[in-house]
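Engineer: I have a structure I would like to understand better, so I am pasting it below and will then ask my questions one at a time.
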Amino acid sequence: MNILAIDTGTERMSLAVCHGDQLYTHDGLAGAQASLHLLPAVLGLLTQSRLSLSDLQAIAFGCGPGAFTGLRTACSVAQGLALGAQLPLLPIDSLLCIAETARTQSPRVLALLDARMEQVYACAYEWQDNRWHTHGRTVLTRPDRLALPPHWAGQPFALAGNAMAAHSGGLQQLLSGACQAIEVWPQARAMLTLAAQAWAGGDAVAAADALPVYVRDDVARTTAQRTADKLAGA
């Protein structure tokens, strides 16, 4: 199966294409420059893999959570390419993508992404019966308020994501005992694995129906609002 995977939901750009059993990847910087570099990088990777858009079965993209501009960029570029080539899209959870990357280290993964404003996006996943199970919902919270699934008590698990360095103080209660910390970003090669599973499960959507998942619905909070949050311990 031929799939293109795109992620620009963090400061890193990650692209991957599978052409049958061959894998091609590209990594670079995203952030504010993602909209300038993403499309040329995608077209270059397709050329490297000797594929045209019409050779693809679907396009996968990291739908979030993550940076507002980056998620919107990945979604809009994926939509534009898909509409032109009449392809379906596969929105892939960015935290699940982190869990898939960390799966070789532990079947239990608390996936984290730095959400700025002294907060993280987080969700707990467990690999059982050859598939991922989600425990609870994706949350936006301070790192010192994170809690593990109750049945993980005493069990080894991986704390994976890009939030460890920025939030090491708030994560101290988790970075002990049976925890293994793994610094990792959403990777498009892991997204390809999840995309193939999503395709088999019938989770493809029409390009016009694809949307990012922001989680944070107050991306334009003022300095005064942020100060009030800190004083209130939010």
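The values are calculated or read from the model by the stated rules, or taken from the named source; none is laboratory data. Values in this document were obtained by computation on a predicted structure and should not be read as measured data. Backbone-built Cβ (ideal geometry, glycine too); neighbour counts: all protein chains shown.
Engineer: Condition test on Gly70, is it modelled with pLDDT under 95 and either buried (at least 23 other Cβ atoms within 10 Å of the Cβ) or among the charged types (D, E, K, R) (or both)?
Structural biologist: yes
Engineer: Could you list all residues from region 50-64 that are touching a residue at least 24 places away in the same chain (Cβ under 8 Å) and either assigned by TED's automatic domain parsing to the domain that holds Glu100 or surrounded by fewer than 21 Cβ atoms within 10 Å (Cβ to Cβ) (or both)? Quick ask: steps written out before the conclusion?
Structural biologist: First, pick out the residues of region 50-64 that are touching a residue at least 24 places away in the same chain (Cβ under 8 Å): 50-51, 53-64.
Scanning region 50-64 gives Arg50, Leu51, Leu53, Ser54, Asp55, Gln57.
Yes/no matrix, rows are residues, columns are (1) farther than 18 Å from Ala5 by Cβ; (2) touching a residue at least 12 places away in the same chain (Cβ under 8 Å); (3) part of a helix (DSSP H, G or I):
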{"residue": "Ser176", "(1), (2), (3)": "yes, no, no"}
{"residue": "Pro186", "(1), (2), (3)": "no, yes, no"}
{"residue": "Ala190", "(1), (2), (3)": "no, yes, yes"}
{"residue": "Ala195", "(1), (2), (3)": "no, yes, yes"}
{"residue": "Ala198", "(1), (2), (3)": "no, yes, yes"}
{"residue": "Gly202", "(1), (2), (3)": "yes, no, no"}
{"residue": "Pro212", "(1), (2), (3)": "no, yes, no"}
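Engineer: Moving on. If you go through region 142-158 one residue at a time, how many are under 12 Å from Leu171 (Cβ atoms) and either of a type outside the set (A, V, I, L, M, F, W, C) or within 18 Å of the chain's Cα centre (by Cα) (or both)?
Structural biologist: 4
Engineer: When you scan region 19-47, how many residues do you find that are touching a Gly at 6+ places or on another chain (Cβ under 9 Å) and farther than 18 Å from Gly9 by Cβ?
Structural biologist: Looking only at that region, the number is 0.
Engineer: Please specify each residue of region 96-118 satisfying the condition of being in contact with a strand residue (DSSP E or B) (Cβ under 8 Å, 6 or more places away or on another chain), closer than 16 Å to Gly9 by Cα and either outside any helix (DSSP H, G or I) or without any contact (Cβ under 8 Å) to a residue 60 or more places away in the chain (or both).
Structural biologist: Ala111, Leu112, Leu113, Asp114, Ala115
Engineer: Check Arg131, Arg116, Arg142 and return the single one that is surrounded by 13 or more Cβ atoms within 10 Å (Cβ to Cβ) and of a type outside the set (Gly, Ala, Ser).
Structural biologist: On the way: Arg131 fails: surrounded by 13 or more Cβ atoms within 10 Å (Cβ to Cβ); Arg116 fails: surrounded by 13 or more Cβ atoms within 10 Å (Cβ to Cβ).
Matching residue, one of Arg131, Arg116, Arg142: Arg142.
Engineer: Could you give me the residue pairs with C-beta distances under 6 Å whose first residue belongs to region 26-37 and is surrounded by 14 or more Cβ atoms within 10 Å (Cβ to Cβ), whose second residue is in a helix (DSSP H, G or I) and hydroxyl-bearing (Ser, Thr, Tyr) wherever it lies, and which are 6+ apart or on separate chains?
Structural biologist: Once the first residue is surrounded by 14 or more Cβ atoms within 10 Å (Cβ to Cβ) and sits in region 26-37, its partners that are in a helix (DSSP H, G or I) and hydroxyl-bearing (Ser, Thr, Tyr) give Ala34/Thr73; Ser35/Thr73.
Engineer: Right, next: Exactly one of (1) in a helix (DSSP H, G or I); (2) of a type outside the set (Ser, Thr, Tyr); (3) in the same structural domain as Leu15 (by TED's automatic domain parsing) is unmet by His151. Its number?
Structural biologist: That leaves (3) as the condition not met.
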